[in-house]
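The values are calculated or read from the model by the stated rules, or taken from the named source; none is laboratory data. What you see is a predicted model, and the numbers here were worked out from it, not measured in a lab. Using ideal geometry, Cβ is built from the backbone for each residue, glycine included, and neighbour counts are taken over all protein chains shown. With ligands, DNA and RNA removed, areas are computed over all heavy atoms of the protein, side chains included. Shrake-Rupley method; radii C 1.70, N 1.55, O 1.52, S 1.80 Å.
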Amino acid sequence: MEALDLRGQAGLFARTGLPVPSFPLGPRGAKINFGVLDSDFPYLLDIPQSQIERLLLARALDAGAQVRWSTAVTSLEQDDAGVRVALADGGAVSAEFVAGCDGVHSFVRNALAIPFPGVHNPGSVILADLRLDGLAMDAAYGDLSRNGMLLIFPFRDGFCRVVLYDYSLDSVPVAEPVTLAEVTGSLLRLAGRDFRPRDLRWSGRYRSESRQAPTYRAGRVLLAGDAAHAHSPAGAQGMNTGLQDAVNLGWKLGAALGGWGPDWLLDSYTAERHPVGAGVLALTGRQFRLNTARSPGRRALRWGVHRLLVPLPPVQARLARDYAGTSISYPAVSPDGSTAHPLAGHRLPRGSVTLADGRRARLPELFRDGTFVLLDRAAAPTSGEDRRADHVTRVRYQSSTIPDFPATVLVRPDGYVAWASDAPDPAARAAAAMAAVQLWCGPGQASRAGSPCPPLARPRPQ
């Protein structure tokens, strides 16, 4: 949601989905409370994938994207000049880069012979979207028993997503259709109560895997989402991790296509996102093993974790950050090799600034154009000093609601801090800022003052 907010899309998602304050870990109230997050979105947003696709499709079309439905890729070749993709309908596409976002069985990944090491997780998972007359649709619900695992996430329209891991159905083939009677029986076995399910509108069955590609890039082809990493559904991390891949990769591809990005920038996609993917595999693996504990000893351990450890405030804060993704940070890069500012590599803090002309702006509002933003504290209120080079918008501000916010901050288009300084000498700080701009955006950016630009300019499609 924070990433979507940078491009003005979070409001659409919030109005479409259902905010849920916590994530259930098991019976008797064990949960992760997202209300402790320092975020404008301290909740889990429950929203059907079909509606997510509708919103993102509208955004893509507005940005000028072409979408070709039901168009299978049959071959892929690349050289120093570009990539050629052959299609099943006899057509072909040539491009400077290809992003393989084609899922766990990725044709793109296999065509490049990129390994996908890992394991199949035991058992199978049932997903079902339906109505439950026996459960209030105002909060997420979870249950764990000796018979399996159950998660229920309500949607705004009264339907809900049911996730069932029923040990008695381990051997059912994944191609076998899911029936309402089967869901009803599993709910009774796992929770011991009748939720009165009805109106099954979608369902599926699959066997999850825990795998990760050793690299997300091979020449001019890059991998994102499930094509790069796959894991168990425990922890509900899959879509968020894929969206974060896309947000990280998108502006870097734009820099490469525009010819202004430094040579190392596109390689930083794997360097930054691969450790995140590995962390997600570890997180979901621990959650899956805990959820599916079958022996009395391991179930007793789970009881102790959920009842004694999880409620502790420091543990709640850590779990909320890890599951929400706000704990993600990237290696800091310093222009001169010196020690980086503590904020470098971290997401931009929540807060607002008073601009040089007296207007107040939430920090995400400054990123609607998809450029880097260079925030610089003005010595006195001024006007007309906000300027843009091709890929950097300079914003002068008077004050910030964020405690100890640096005097000068260069922020990437994805909302992560590239560089910051609290040096007392404004001239030295300005020189260091220009060095940081050159490092991230190429030498041409620091020398072009650009034309005057209001800091809340009308967004351009990115």
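Has the stretch 139-151 got at least one residue that is at pLDDT 95 or above, out of contact with any helix residue (DSSP H, G or I) (no Cβ under 8 Å at 6 or more places or on another chain) and crowded, with 17+ Cβ neighbours inside 10 Å?
Narrowing the stretch 139-151 to residues at pLDDT 95 or above: none.
For the stretch 139-151, residues at pLDDT 95 or above, out of contact with any helix residue (DSSP H, G or I) (no Cβ under 8 Å at 6 or more places or on another chain) and crowded, with 17+ Cβ neighbours inside 10 Å: absent.
Among the residues of the stretch 64-80, which ones are over 16 Å from Ala113 (Cα atoms) and either outside any loop (DSSP other than H, G, I, E, B) or in contact with an Asp or Glu (Cβ under 6 Å, 6 or more places away or on another chain) (or both)?
Pass one, the stretch 64-80, residues over 16 Å from Ala113 (Cα atoms): 64-72, 80.
Residues satisfying the conditions do not exist here.
Quick check on Val315: is it in contact with a helix residue (DSSP H, G or I) (Cβ under 7 Å, 6 or more places away or on another chain), surrounded by fewer than 18 Cβ atoms within 10 Å (Cβ to Cβ) and assigned to a helix (DSSP H, G or I)?
In short, yes.
Scanning the stretch 131-157 for residues that are farther than 21 Å from Gly235 by Cα and over 26 Å from the mean Cα position of the chain (by Cα) yields a count of 6.
Pick from the stretch 285-312 the residues that are among the aliphatic types (A, V, I, L, M) and open to solvent by less than 30 Å² (accessible area, probe 1.4 Å): which of them is farthest from the chain's Cα centre (by Cα)? Working first, answer last.
Residues of the stretch 285-312 among the aliphatic types (A, V, I, L, M): 290, 293, 300-301, 305, 308-310, 312.
Of the ones still in play, those that are also open to solvent by less than 30 Å² (accessible area, probe 1.4 Å) are 293, 310.
Numbers: Ala293: 29, Val310: 24 Å.
Per the stated criteria, the residue is Ala293.
Which ones in the stretch 41-58 are touching a residue at least 60 places away in the same chain (Cβ under 8 Å), assigned to a helix (DSSP H, G or I) and more than 15 Å from the chain's Cα centre (by Cα)? Hits for the stretch 41-58: nothing passes. If the condition is being without any contact (Cβ under 8 Å) to a residue 40 or more places away in the chain, farther than 25 Å from Ala139 by Cα and not in a loop (DSSP other than H, G, I, E, B), then the stretch 155-180 contributes only Ser168. Highlighted here are the helices (runs of 4 or more DSSP H) found entirely within the stretch 231-305 that include at least 1 residues which are farther than 18 Å from His120 by Cβ, modelled with pLDDT of 90 or more and among the hydroxyl-bearing types (Ser, Thr, Tyr): 238-258, 268-291. Scanning the stretch 328-350 for residues that are open to solvent by 50 Å² or more (accessible area, probe 1.4 Å), of a type in the set (Gly, Ala, Ser) and closer than 17 Å to Glu272 by Cβ yields Ser329, Ala332.
Considering only residues that are not in a loop (DSSP other than H, G, I, E, B) and not aliphatic (A, V, I, L, M), look in the stretch 318-327 and name the one that is surrounded by the fewest Cβ atoms within 10 Å (Cβ to Cβ). Write out each step before concluding.
Residues of the stretch 318-327 that are not in a loop (DSSP other than H, G, I, E, B), as a first pass: 318-324.
Narrowing the set further to residues that are not aliphatic (A, V, I, L, M) leaves 318, 321-323.
Working: Arg318: 14, Arg321: 18, Asp322: 17, Tyr323: 21.
Among those that are not in a loop (DSSP other than H, G, I, E, B) and not aliphatic (A, V, I, L, M), it is Arg318.
Of all the numbered requirements in (1) within 21 Å of the chain's Cα centre (by Cα); (2) open to solvent by 40 Å² or more (accessible area, probe 1.4 Å); (3) under 22 Å from Pro403 (Cβ atoms), Gly358 misses one, and that requirement is (1). Restricting attention to the stretch 93-126, the residues being out of contact with any Asp or Glu (no Cβ under 6 Å at 6 or more places or on another chain), aliphatic (A, V, I, L, M) and closer than 27 Å to Val247 by Cα number 8.
Among residues of the stretch 419-437 that are in a helix (DSSP H, G or I), those with a Cβ under 7 angstrom from a residue that is of a type in the set (Val, Ile, Thr), sequence gap 6+ or separate chain, pair up as Arg429/Thr408; Ala433/Thr408; Val437/Val392. Cβ-Cβ distances below 7 Å connect the following pairs, each with a first residue in the stretch 332-348 that is under 20 Å from Asp322 (Cβ atoms), a second residue that is surrounded by 15 or more Cβ atoms within 10 Å (Cβ to Cβ) and β-branched (Val, Ile, Thr), and a separation of six or more residues or different chains: Leu343/Val417; Gly345/Val417; His346/Val417; Arg347/Thr326; Leu348/Val411; Leu348/Val417. For the criterion of being touching a Lys or Arg at 6+ places or on another chain (Cβ under 8 Å) and under 30 Å from Asp404 (Cβ atoms), Ser329 passes. Output the residues belonging to the stretch 177-203 that are out of contact with any helix residue (DSSP H, G or I) (no Cβ under 9 Å at 6 or more places or on another chain) and open to solvent by 60 Å² or more (accessible area, probe 1.4 Å). Within the stretch 177-203, Pro177, Thr179, Leu180, Ala181, Leu188, Gly192, Arg201 meet the criteria.
Pick out the one residue from Val93, Val119, Val108, Val83 that is in contact (Cβ under 8 Å) with a residue 24 or more places away in the chain, assigned to a strand (DSSP E or B) and surrounded by 12 or more Cβ atoms within 10 Å (Cβ to Cβ). Working first, answer last.
Details: Val93 fails: in contact (Cβ under 8 Å) with a residue 24 or more places away in the chain; Val119 fails: surrounded by 12 or more Cβ atoms within 10 Å (Cβ to Cβ); Val108 fails: assigned to a strand (DSSP E or B).
On inspection, the qualifying residue turns out to be Val83.
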